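Quick notes on the structure that follows.
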Amino acid sequence: MKVEHAVWGTAIPLSDFAMSINGRRITSDDTELATNPATEEPIASFPLASRKQLDLAVEAAKVAFTSWRETDIATRRKALEGLADQIEKNYEAFLTLLTTEQGKPRAGAEWEIGGSIYWLREIAKQSLPEEVVRDDGENRVVTRYTPIGVIGGITPWNFPLLLAVWKIAPALMAGNTMVLKPSPFTPLCTLWFGELAQEVLPPGVLNVVSGGNDLGQWMTEHPDIGKIAFTGSTATGKRVMQSAASNLKRLTLELGGNDPAVVLPDVNPEAIAKDLFWASFQNSSQFCVATKRLYVHEVIYDRVVKALVEYARGVQVDNGLLVESQLGPLQNRMQYEKVCNLLQDSAVEGHHVLLGGAPSDRKGYFVPITLIDNPPDDSRCVVEEAFGPVLPILKYRDVDEVVRRANDTEYGLAASIWSADVEKARDVARRLEAGTVWINQIHVFGPDIAFGGHKQSGMGIENSLHGLSEYCNMQTIMERPLAT
Ligand code: NAD
């Protein structure tokens, strides 16, 4: 596949995207069109893998594993750096392609593509050395980390390349090989990256296949895949877990969230309104860790609401390819209809809408920035993960009450606390049931920072050495001299 070195804002030429299986470019008679969510126009076609093609990809990964597992750290490090270079060489084209298929404006695309390069280079520096846990003259006991085998990676449509890299980098670094499947809504950047990767990796080490949800299901059932690394919704995560039981696959599941932000009464509302806004609306709120419920203390509630509405009015929602655009459309029709349905429910329930509400009839999956004034705790816009630009702002009176309400959800992905008193904020943070709690900041991630959900937001960890270890089996070797 050749993506022209696109200049920002010019359309990507319709082109033929292909899968990468055993180092080769593989197409299929069965194809689907990827759609630009800002215009509803087709961008390019991509192949739908058959079951046989998946088998070929898994077989290629299985064969490649026998030699990749024997490579030393330096070889793997070089490979990951090579992958980073492939993205960097095509940086502008990746930005344009990502915005065209996903919808996010340039700043968001830079965060994702730049992040993908950074993650590859940083994970390349990680390793899990053997640990001598006992050496007492009689017994020597060593714990070591061995690769699992073929990893199946399954990704969603909100951060298609970055979330793929979060899986590829540690999987390969630990000595595994991989079959990766992007979301059918955003397959293009990942397919193209798969092709570029073949220039730096031995055949079969990274195979990229595209297709619908049935392809994901086949992967989770496949007897030669040893682990599934999945990012997506909680409902699908449960299905993945069920079918992975067939051969006791290892699992990392990064799932949905309904993240609370808690604003304590000691903040300056006007100073933090901008941060609170982006905490919720970044990537048009198609962010697993977007603030989805904003709890504000009653003494400053009116000022926070006023400052947020004022800031939100100035934010430009438009086609991400336009330089002035700050927020793009939702990524697909299914999600657009889901969010419209939530908005309709709020209208029927008579919620006080401070800003936004029903979308206009413009082309593209655009939903206006919507702020809802103190809806009841059991309303759908509070309980459900909207995954779209709808934020309920909720009033609270005391800390015990807000902790109880913030924790009153099946999810436990992340949360944030905003306060001038960091110690007090830390006390609240410790009481929240969430995998990550940010204080006076949000959405800070790192290759060295463990990330994972509590409760039904997932299981396992991505990033950090804990994340790397999830791509390994632990092996204990105990030895002592032979009795003479
Ligand atoms: P989704 O669950 O619908 O799809 C995710 C992936 O799973 C896609 O590639 C899809 O084709 C595949 N899939 C669908 N059915 C499958 C099955 N039965 N077996 C195997 N694979 C299957 O999720 P989505 O709509 O693409 O993404 C949005 C969701 O992802 C939101 O809930 C969001 O919170 C979550 N998410 C979580 C994180 C995180 O790190 N926790 C990050 C991003 C998104």
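We did not get these values from a lab; they are worked out from the coordinates using the rules stated. None of these values were measured; they are calculated from a predicted model. Cβ: placed from backbone, ideal geometry, glycine included. Neighbour counts: every protein chain shown.
Explain nothing, just compute: Karplus ³J(HN,Hα) = 6.51 cos²θ - 1.76 cosθ + 1.60, θ = phi - 60°, for every residue of the range 74-91 in order, whole Hz, x for Gly and Pro.
For the range 74-91, the Karplus-derived couplings read 4, 5, 5, 4, 4, 5, 5, 5, x, 5, 4, 4, 4, 5, 4, 4, 10, 3 Hz, x marking Gly and Pro.
Report, by chain and number, residues whose modeled amide H sits under 5 Å from the one on Thr436, excluding near sequence neighbours (fewer than 5 apart, same chain).
The answer is Ala414, Ala415.
Which loop trypsin sites (Lys or Arg not before Pro) in the range 28-91, with loop taken from DSSP, have no more than 15 other Cβ atoms within 10 angstrom of their Cβ?
Arg69
Among the trypsin sites (Lys or Arg not before Pro) in the range 370-417, which ones are in a DSSP loop with at most 12 other Cβ atoms within 10 Å of the Cβ? Mind listing them?
Working: sites: Arg380, Lys395, Arg397, Arg404, Arg405; in loops: Arg397.
Here the sparse-neighbourhood loop sites are Arg397.
Based on alpha-carbon positions alone, could you give the equivalent ellipsoid semi-axes of the chain from the gyration tensor, as √(5λ), descending, whole Å?
Details: eigenvalues 298, 174, 72 Å².
They are 39, 29, 19 Å, listed largest first.
Which of the lysines could a cross-linker bridge to Lys125, judged by Cα under 28 Å and excluding same-chain residues fewer than eight apart?
Lys125 reaches Lys62, Lys78, Lys89, Lys167, Lys181, Lys227, Lys249.
By how many nm would the segment from Asp135 to Glu81 lengthen if fully extended, with 0.36 nm per residue of separation less the alpha-carbon distance?
On the way: separation 54, 0.36 × 54 = 19.44 nm, distance 3.66 nm.
Residue separation times 0.36 nm, minus the Cα-Cα distance, leaves 15.8 nm.
Using the 10 angstrom Cβ neighbour count as an exposure proxy, how do Tyr471, Tyr118 rank, fewest first?
Final ranking by Cβ density, sparse to dense: Tyr118, Tyr471.
Arrange Leu264, Leu327 by Cβ neighbour counts within 10 Å, fewest through most, would you? Could you put the intermediate results ahead of the total?
Details: Leu264 20, Leu327 24.
Exposure proxy ranking, most exposed first: Leu264, Leu327.
Rounded to the nearest Å, what's the spacing between the alpha carbon centres of the range 31-99 and the range 364-425? Just the number, please.
Using only Cα atoms to place each centre, the spacing works out to 36 Å.
Over 16 Å apart: what share of the alpha carbon pairs of the range 152-237 falls there, rounded to a whole percent? Intermediate values should be presented prior to the final figure.
Values: 1737 of 3655 pairs.
Everything past 16 Å amounts to 48 percent.
Counting only residues 5 or more places away or on other chains, whose amide H sits under 5 Å from the amide H of Gly256 once H atoms are built in the peptide plane?
Residues meeting the criterion, in which the H sits 1.01 Å from N, are Thr234.
Counting pairwise Cα distances across the range 186-326, what percent come out greater than 24 angstrom?
Details: 5443 of 9870 pairs.
When every Cα pair of the range 186-326 is considered, 55 percent fall beyond 24 Å.
To make sure I understand, if each residue's beta carbon is the centre and we count other beta carbons within 10 Å, what order do Tyr336, Tyr365, Tyr396 fall in, fewest to most?
Ordered by Cβ neighbours within 10 Å, fewest first: Tyr336, Tyr396, Tyr365.
Over all distinct Cα pairs, what is the inverse of the mean 1/r for the range 251-351, reported as the Kirkwood hydrodynamic radius in Å? Working shown, then result.
Working: mean 1/r = 0.0648 Å⁻¹.
Hydrodynamic radius (Kirkwood, Cα only) of the range 251-351 equals 15.4 Å.
Can you tell me the alpha carbon radius of gyration of the range 366-424 divided by the globular rule-of-thumb value 2.2 N^0.38 Å?
Working: Rg = 13.0 Å, N = 59, 2.2 N^0.38 = 10.4 Å.
Ratio of Cα Rg to 2.2 N^0.38 Å: 1.26.
Give me the percent relative contact order of the chain, please, defined on Cα pairs under 8 angstrom at least 6 residues apart.
On the way: 1113 pairs, mean separation 86.2, N = 484.
Dividing the mean separation by the residue count of the chain yields 18 percent.
In the chain, which longest range has no GluC sites (Glu not before Pro) that are both DSSP loop (not H, G, I, E or B) and surrounded by at most 13 other Cβ atoms within 10 Å?
Details: sites that count: Glu4, Glu40, Glu70, Glu130, Glu138, Glu199, Glu298, Glu324, Glu410.
Segment 200-297 is the longest.
State the antiparallel share, in %, of DSSP beta bridges confined to the chain, rounding to the nearest 5.
Details: 30 of 69 bridges.
Antiparallel bridges make up about 45 percent of those DSSP assigns within the chain.
Are there any chymotrypsin sites (Phe, Trp or Tyr not before Pro) in the range 165-231 that are in a DSSP loop and have at most 10 other Cβ atoms within 10 Å? List them by number.
Working: sites: Trp166, Phe185, Trp192, Phe193, Trp218, Phe230; in loops: Phe185.
In loop regions of the range 165-231 (DSSP not H, G, I, E or B), there are no sparsely surrounded chymotrypsin sites (Phe, Trp or Tyr not before Pro).
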